[in-house]
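To keep things clear, I will list the structure first and then write my remarks on it.
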Amino acid sequence: MWARRVAVEKRRWLNDSEFADIVSLCQFMPGPNIVGIAVCVGAKMRGTIGTIAAVSGFLVIPWVIGLSVGLLFLEYAHLAVLRNILGGIAATAAGLLIATRHKASFAAPAAARSCAYCRPCLWPHHLR
């Protein structure tokens with residue numbers, strides 16, 4: 001795990017036991033584990049300021065970048081080249097979701113595997 005390599009091996013901010021405790025706490029809490037790990041390490045290193053820095057680094061800064069790019073796309077949404085780029089991004093995202101489901105289905109038993117592929121196709125028909 002990248003976070004362990006940085007926090008325990010490279011920077012030596014935590015020992016193995018502390019990192020294991022933090023990871024088990026973060027797996028219990030909702031949300032991405034890496035954000036919780038960053039918040040716990042930030043709190044241990046610098047207290048409240050470290051916590052704020054960790055949250056800013058993992059949530060606020062990417063949110064601001066995403067919002068800025070989204071607003072920029074809205075400004076130029078009428079351009080055909082931008083619509084084509086966004087269509088390609090959407091197709092890529094759909095392909096990644098399908099590939100993830102396909103890969104995850106091989107870990108399931110055969111009966112569940114067939115269900116995993118049939119359910120998305122049949123489910124909308126039950127709504128009518």
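Summary table
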| item | result |
| --- | --- |
| Gained length - residue 43 relative to residue 20, 0.36 nm times residue gap less alpha-carbon distance | 6.7 nm |
| Neighbour-count order for 18, 75, fewest beta carbons within 10 angstrom listed first | 75, 18 |
| Sparse-neighbourhood loop sites, trypsin sites (Lys or Arg not before Pro) in region 8-55 - DSSP loop, at most 11 other Cβ within 10 angstrom | 11, 12 |
| Net length gained if the chain between residue 67 and residue 82 were fully extended (0.36 nm per residue, minus Cα distance) | 3.7 nm |
| Net charge over other residues, Cβ less than 15 angstrom from the Cβ of residue 52 (K, R count +1; D, E count -1) | +2 |
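All of the numbers you see were taken from the coordinates with simple rules; none came from a lab. Just so we're clear, the structure is a prediction, and the values are computed from it rather than from any experiment. Note that we place each Cβ from the backbone using ideal geometry, even for glycine, and neighbour counts take in every protein chain shown.
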